[in-house]
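The values are calculated or read from the model by the stated rules, or taken from the named source; none is laboratory data. Just so we're clear, the structure is a prediction, and the values are computed from it rather than from any experiment. Methodologically, a virtual Cβ is constructed for each residue, glycine included, from the backbone with ideal geometry; neighbour enumeration extends over all protein chains shown. Ligands, DNA and RNA are stripped out before the accessible areas are found, and what is left, the full protein with its side chains, is counted by its heavy atoms. Shrake-Rupley method; radii C 1.70, N 1.55, O 1.52, S 1.80 Å.
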Amino acid sequence: MALSKKERQEYIKAIKPMLSPKRFEHSLNVAQEAVKLAKKYGADEEKAEIAGLLHDILKDTPSEKQLKIISDFGIILNNVELSAKRFWHAIAGAVYIRTVLYIEDPEIFDAVRYHTTGRNNMSLLEKVIFIADFISKDRDYPGVEDMRRTAYKSLDKAIVEGIAFTIGDLAKNRDPIVIDTIDAYNDAVWAVRHGK
Ligand code: DGI
Ligand code: FE
Ligand code: FE
């Protein structure tokens, strides 16, 4: 089932004032891609659209505020996570949609929570959002066309390719790598090699 027009408008009303025009467009594109992937792989289309629309809701919020939302909710970050500022918006966003927007679906919470790093044993919805974020219409990095093709052949293969790219980038900059990112990579490599 797809979202009704009215419901879609509600979510759009929630994200628009929080985001730059570019980030807002990105969110619409991720939602659109997430619905397509959900159709292809049999995930819940409605949840995919909601999570896609909301996934970056706190991306343009100052990082100190993101951190406060995380700690007020009682989530304790380890040292690596604390030094990986650019991923805070994922956790803070998940907390925000639950505590401020009252979206209490745990699958949507986790899809937003893990959209940046992935994790071990991701649900189908988590994978759909993770990959929709990589291949949305606005993405134009070298190799994005290959990623789009791969995404519609195998989500796990796309996760391997996506995280290999991200880890390479992070390592090149000598940035810390969150353990969930490594777990997601290993899990997807296993799935590709052994089937799952
Ligand atoms: O929010 P988006 O730009 O749409 O995409 P995203 O949420 O996937 O990525 C946000 C940033 O997070 C991106 O620049 C890469 C970074 N990132 C992803 N995994 C890790 C990470 N940064 C660190 N330091 N460690 C990670 O494991
Ligand atoms: Fe993000
Ligand atoms: Fe995003």
Could you pull out every residue, at least 5 positions away or on a different chain, whose amide H is within less than 5 Å of the one on Arg119? Hs are placed 1.01 Å off N in the peptide plane, and Pro or chain starts have none.
Ala184
Roll a 1.4 Å probe over the protein heavy atoms and report the accessible area of Val178 in Å², nearest 10.
10
For the chain, what is the mean residue ellipticity at 222 nm derived from helices alone (per DSSP H run of n ≥ 4: -39500 (n - 2.57); sum divided by total residues; nearest 500 deg cm²/dmol)?
-20500 deg cm²/dmol
For the chain, set up a GNM with springs between Cα atoms under 10 Å and report which of Asp133, Asp183, Asp72 has the largest fluctuation.
Asp72
Can you give me the % of accessible surface on the chain that is carbon or sulfur? Probe 1.4 Å, all protein chains present, nothing else counted.
53
When each of Lys36/Lys172; Lys22/Lys172; Lys16/Lys39 is checked by Cα-Cα distance, pairs over 30 Å:
Lys36/Lys172
Expressed per residue, the solvent accessible area of the chain in Å² (1.4 Å probe) is about 52
Given the convex hull of the Cα atoms of the chain, what is a quarter of its surface area in nm²?
10.7
For the chain, list the DSSP H helices whose alpha carbon atoms reach 18 Å or more along the long axis and whose average Kyte-Doolittle value is 0.0 or above?
155-172
Net charge of neighbours whose Cβ lies under 15 Å from the Cβ of Asp175, counting Lys and Arg as +1 and Asp and Glu as -1
+1
Sequence ranges 145-158, 44-57, ranked by mean other-Cβ count within 10 angstrom, highest first
44-57, 145-158
List the relative contact order of the chain as a percent without decimals, with contacts defined as Cα pairs under 8 Å and 6+ residues apart.
21
DSSP-assigned coil residues among chymotrypsin sites (Phe, Trp or Tyr not before Pro) in segment 1-103, each with at most 16 further Cβ atoms within 10 Å:
Phe73, Tyr102
